[in-house]
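Taking it in order: structure first as structure tokens, then the write-up.
Every read-out reported here was derived from the displayed coordinates using simple, explicitly stated rules and does not represent laboratory data. Predicted model, so just to flag it, every value in this text is computed and none were measured. FYI the Cβ positions are ideal-geometry reconstructions off the backbone, even for glycines, and counts take in every protein chain you see.
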Amino acid sequence: MLIAVLVATLAALSQSILAAKGGVLAWGVSLALELVIMAALSLFCIVTFTQLMPAMCFVTGFYIVARALSAIRLISKSPLSGESPSQHVMSWLVDTLALVLPGFDRYAPTAWLADGGAQWSAVGTASVEAAIYTSLLCAAATFDFYRRNV
Amino acid sequence: MRRGNVRLLSAKRLSQRNERSWRSVPKSVIAALAIALILETGFQSHQPKTLARAQALHQPPAVSALRLVSLGENIAVAQLMSLYLQAFDNQPGISIPFRELDYGRVSDWLKTILALDPIGQYPLFLASQVYPQVPDPARTRSMFDFVYQEFLADPARRWRWLAHSALAARHRLKDNKLALHYANEIARLAPHAPGWARQMQIFILEDIGEIESAKIMLGALIASGEVRDERELHFLTERLAELESAEKSSTPSKN
């Protein structure tokens, strides 16, 4: 977690040269929360998978899906997608997936740096989500740890 | 190595070796996991639904920057940009009608693609046949103007797209003056274009009732000896005779 905060601080400091200070602060806090979740996920994966490659692949896949999930949901609901039963099943699956994944597209948006107008309410929501999700990952890692013969 | 020196462990043993039953996990840990999962799903289900919002087409990157990024593969980058531009009207969860696109930006994108791949014809196809489908004459004209400007840069390769624009201007926009201007430019600047394209101006003149002008141009074309194909020459001579008889029998009406 310290590493996550450190990386976010370094990224925010480099951005503060050009962007407005208020936007950079909100962006940096939001990025730190995103990285905290990823750090907790990485810890969970390395405990569960015990090998580096599967853990790394899972973390990468998780991040890409969590980032793109809002767009995937919009595409699944688009009228162009059709009304077939398979389409409904896919849409339902995507919605279910969205219940157990963090909405990373809401974290650290570039618009806060480029256009200003950072929303602290969004940072607050992200903080609650990060706290819940990190707790979930810690609980899952503990659950898995208790099942191991160390 | 002799057979029998190495004995692999069975898969069953490996999978069971490091794991205990989930019943051995303390109840407090299971409860914490369940509570966190319920909180997470509850939190996500109360999040406002993402709404599809159309994004405006931004300015294309500078040609010099694209050349640098392409590492010499300009054509590949031009093709990727064509795909991006053509797919831009279909964004996640929303489909943007052509009339809501900024056609000035579309022209900039097409110009950039042509700058990267000057021999490529696809941007001109998009500009003469796809984007002019919009039910807005001003936008259609802007696309035809783009085709005309690009035709001036390389008439030998790009005449066909201006020919299509001339026909569309005549029949869709009902702008005979514009159609005639494009047809004249093809005849003037693209000497290697096929006869039908270079003679288009004559037939547009005839269509709009400028029989006298059409007759003069047709006569000049036949007399110039430029048309060598006997069947084509026969067709043009017949056409000239028809024009002359039509002029005698009726008064030409201007469109």
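Would you please classify the overall shape of segment B:57-208 from the alpha carbon gyration tensor, given that a ≥ b ≥ c denote the square roots of the eigenvalues, rounded means a/c under 1.5, and beyond that prolate means a/b larger than b/c while oblate covers the rest?
Note, shape of segment B:57-208 comes out oblate.
Against the longest alpha carbon principal axis of chain B, how many degrees, from 0 to 90 and to the nearest 10, is the axis of helix B:155-171 turned?
Orientation of helix B:155-171: about 80 degrees from the principal axis.
Give, rounded to the nearest 20 debye, the magnitude of the charge dipole that segment B:19-105 has about its Cα centre when Lys and Arg contribute +1 at Cβ and Asp and Glu contribute -1 at Cβ.
360 debye
Quick one: putting +1 on the C-beta of Lys and Arg, -1 on the C-beta of Asp and Glu, what dipole do you get for segment B:57-208 around its Cα centre, in Debye to the nearest 20?
For this selection, approximately 280 debye.
Using a simple spin-label model with points 7 Å from Cα along the Cα→Cβ vector, what separation in nm is obtained for A:L97 and A:D115?
2.8 nm
Apply the Karplus curve 6.51 cos²θ - 1.76 cosθ + 1.60, θ = phi - 60°, to the phi angles in segment A:37-44 and return the couplings in whole Hz, x for Gly and Pro.
Going residue by residue, I get 4, 5, 5, 5, 5, 4, 4, 4 Hz, with x marking Gly and Pro.
Which number gives the lysine pairs in the protein assembly as shown that have C-alpha atoms under 14 Å apart and are eight or more places apart or on different chains?
Final tally of qualifying lysine pairs is 4.
If amide H atoms are built 1.01 Å from N in the plane of the peptide, which residues on other chains or at least 5 residues away come under 5 Å of the amide H of B:Q91?
When sequence neighbours closer than 5 places are left aside, the close amide H contacts are B:I96.
Distance in nm between label sites at B:A62 and B:Q133, each 7 Å beyond Cα in the beta-carbon direction?
Distance between label points: 3.6 nm.
Quick one: what are the phi-derived ³J(HN,Hα) couplings along segment B:81-88, Karplus 6.51/-1.76/1.60 with θ = phi - 60°, whole Hz, x for glycine and proline?
Ordered by residue, 3J(HN,Hα) equals 5, 4, 4, 4, 5, 5, 8, 5 Hz.
If you take the square roots of the eigenvalues of the alpha-carbon gyration tensor of the protein assembly as shown and sort them as a ≥ b ≥ c, do you get rounded (a/c under 1.5), prolate (a/b over b/c) or oblate?
Prolate, because a/c is 1.5 or more and a/b exceeds b/c.
Looking at chain B, identify the longest residue range that excludes and avoids all GluC sites (Glu not before Pro) in DSSP loops having at most 15 other Cβ atoms within 10 Å. Intermediate values should be presented prior to the final figure.
Numbers: sites that count: B:E73, B:E226.
Excluding the exposed sites themselves, the longest stretch runs over B:74-225.
Taking a ≥ b ≥ c as the square roots of the eigenvalues of the Cα gyration tensor of chain B, is the shape rounded (a/c under 1.5), prolate (a/b larger than b/c) or oblate? Spell out each step's value before the answer.
Working: a/c = 3.97, a/b = 2.58, b/c = 1.54.
The shape class here is prolate.
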